[in-house]
1. Restricted to the stretch 93-133, and to residues that are closer than 26 Å to Arg83 by Cβ and of a type in the set (A, V, I, L, M), which residue is most open to solvent (accessible area, probe 1.4 Å)?
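The values are calculated or read from the model by the stated rules, or taken from the named source; none is laboratory data. Just so it is clear, the model here is predicted, and its values are computed rather than measured. Because the Cβ atoms are built from the backbone with ideal geometry, glycine has one as well, and the counts that use them run over all protein chains shown. Surface accessibility is based on the protein's heavy atoms, side chains included, excluding ligands, DNA and RNA. Shrake-Rupley method; radii C 1.70, N 1.55, O 1.52, S 1.80 Å.
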Amino acid sequence: MFPVVTRTATPLSNLLAPRIGVLMVAVRGRKSRSDPKAKSKAGRVKVPPPVDPAEMLVLRERFSQYDLIMRALRAEFKEDMLRRRYEEEVGSLAEERTKQEAEEHQKLMAWNDAENQRLRQLREERIRKELEQEQLRKEQVAVSREKRMEEYVKEKEQEILQLQEEAKNFITLENLDQRIEEALDNPKSYNFAVDKEGRIVKRTVQQ
């Protein structure tokens, strides 16, 4: 048996203060298997309560009636369930259900066909727009490529014309003697000084 801890009047400060020990709560102990029988129950003999025969007959009759009623109800419910299952499987309800399922299937197939048709029209319209955009893009690329080619041809023509103009002043075997005489007749001096603006301020005269 556990010792019982009695409560005494304790100030509030002591209750709120932290406690070091553990306060054990009073718990009613229980006997173990090895404990002897209590002295007050040593001479006690268990005697079943008396049964009234008339009451026992009434209870048995009522229990038998209750059992019969429950069996009848279970049998009726089972018969009803089996009848419904039979009608659903092979009876008129099955035919009606099959007809409803067929009608629902037809409706769903019609809705599916309409939805497929709508989606196909949307897909065809989208593909047509994509083809038009692709064709327009190709045309724009072709036009821009043609413009770039024309600009390139014009640029090369200008370079060719410029080279042709510059070729007139080239030194060849035919005009070599003439260019030598011109260079001797017109000497040029590249010994000169320029200012910050690039103007010639002083030139050394060739001797």
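1. Here the answer is Leu93.
Residue-wise test of (1) in a loop (DSSP other than H, G, I, E, B); (2) out of contact with any helix residue (DSSP H, G or I) (no Cβ under 7 Å at 6 or more places or on another chain); (3) among the aromatic types (Phe, Trp, Tyr); (4) open to solvent by 80 Å² or more (accessible area, probe 1.4 Å).
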position	(1), (2), (3), (4)
Tyr152	no, yes, yes, yes
Lys156	no, yes, no, no
Thr172	yes, yes, no, no
Gln178	no, yes, no, yes
Ala193	no, yes, no, no
